[in-house]
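Enquirer: After the structure tokens below, expect a handful of questions from me.
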Amino acid sequence: MRILLLILALVAGPSAGLAKDGFVFASIDGGTLQMDDWRGRPVLVVNTASRCAFTPQYDALQALYDTYRDRGLIVLAVPSNDFRQELATGAEVKEFCDLNFDLDMPMTEITHVRGRAAHPLYQWVRATSGFEPSWNFNKVLIGLDGEVVATYGSGAKPMSRALRAQIEALLSE
């Protein structure tokens, strides 16, 4: 199993230091979102869905982003239909989020986060940390060095004391 994870890490992207750099997502606003642009900043990556019981977490994710963005935090929303709870198109997701949550955090196009079709970032996370989203609104906190700091399930509230403490620690480095 360890050999398989190592092979996946090598195929998915860089496996040491600044590992998040080099990963590129299609942006829901057009163009691309390049993780390399966020080098030296903490990034909270969250796989999202519009038709999930956890969808109201968008409000708290935006609040978290508003609280810490000036200090460097990036909150990246990654809409995914891997759990069959996302709208059909990126345009529908964008409209839904604009109307209901007034989001201005970076957001990708609809993206796979599990299995063989998973985006290379998620393949790398699985290979290096063993974490793979088990449902919508799972969270991956990536540190300033580009390594996975912590992972959280759907029930972890974005504004929880524990998550904010980890983010504040990273922002103080």
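The values are calculated or read from the model by the stated rules, or taken from the named source; none is laboratory data. On a predicted model such as this, the values are computed, not experimentally measured, just so you know. Don't worry about glycine lacking a Cβ; one is built from the backbone with ideal geometry, like all the others, and counts go over all protein chains shown.
Enquirer: Among the strands (runs of 3 or more DSSP E) confined wholly to the stretch 7-63, which include 3 or more residues that are at pLDDT 95 or above and touching a Pro at 6+ places or on another chain (Cβ under 7 Å)?
Expert: Numbers: elements: 24-26, 32-34, 43-48.
Those strands (runs of 3 or more DSSP E) do not exist here; none qualify.
Enquirer: If ARG126 passes every condition in (1) basic (Lys, Arg); (2) within 14 Å of ASN47 (Cβ to Cβ); (3) not in a helix (DSSP H, G or I) but one, which one does it miss?
Expert: (3)
Enquirer: Right, next: Those residues that are in a loop (DSSP other than H, G, I, E, B), buried (at least 20 other Cβ atoms within 10 Å of the Cβ) and out of contact with any Pro (no Cβ under 7 Å at 6 or more places or on another chain), I need them from the stretch 82-102; list them, please. I'd like the intermediate steps shown before the answer.
Expert: So the first thing to find is which residues in the stretch 82-102 are in a loop (DSSP other than H, G, I, E, B), and the list is 82-89, 102.
Checking which are buried (at least 20 other Cβ atoms within 10 Å of the Cβ) leaves us with 82, 86.
Result: ASP82, single match.
Enquirer: Restricting the search to the stretch 64-81, which residues are under 14 Å from the mean Cα position of the chain (by Cα) and assigned to a helix (DSSP H, G or I)? Please lay out each step first, then the result.
Expert: Narrowing the stretch 64-81 to residues under 14 Å from the mean Cα position of the chain (by Cα): 64-65, 73-80.
Those that are under 14 Å from the mean Cα position of the chain (by Cα) and assigned to a helix (DSSP H, G or I): LEU64, TYR65.
Enquirer: Any residue at all in the stretch 138-150 that is among the β-branched types (Val, Ile, Thr), out of contact with any Gly (no Cβ under 9 Å at 6 or more places or on another chain) and over 11 Å from VAL46 (Cβ atoms)? Step through it out loud before you land on a result.
Expert: Of the residues in the stretch 138-150, the ones among the β-branched types (Val, Ile, Thr) are 140, 142, 148-149.
Pick out the ones that are also out of contact with any Gly (no Cβ under 9 Å at 6 or more places or on another chain) and you get 140, 142, 148.
If we keep only those that are over 11 Å from VAL46 (Cβ atoms) as well, we get 142, 148.
Looking for residues that are among the β-branched types (Val, Ile, Thr), out of contact with any Gly (no Cβ under 9 Å at 6 or more places or on another chain) and over 11 Å from VAL46 (Cβ atoms), one finds at least one in the stretch 138-150, hence yes.
Enquirer: Right, another one. Are there any pairs with C-beta distances below 7 angstrom linking a residue in the stretch 150-173 that is closer than 12 Å to VAL140 by Cα and part of a helix (DSSP H, G or I) to a residue that is among the aliphatic types (A, V, I, L, M) and at pLDDT below 95, with the two at least 6 apart or on different chains, and if so which?
Expert: none
Enquirer: Residues that are aliphatic (A, V, I, L, M) and in contact with a strand residue (DSSP E or B) (Cβ under 6 Å, 6 or more places away or on another chain): does the stretch 129-141 have at least one? It would help to see each step written out before you state the result.
Expert: First, the residues of the stretch 129-141 that are aliphatic (A, V, I, L, M): 140-141.
When the remaining residues are screened for being in contact with a strand residue (DSSP E or B) (Cβ under 6 Å, 6 or more places away or on another chain), the result is 140-141.
Looking for residues that are aliphatic (A, V, I, L, M) and in contact with a strand residue (DSSP E or B) (Cβ under 6 Å, 6 or more places away or on another chain), one finds at least one in the stretch 129-141, hence yes.
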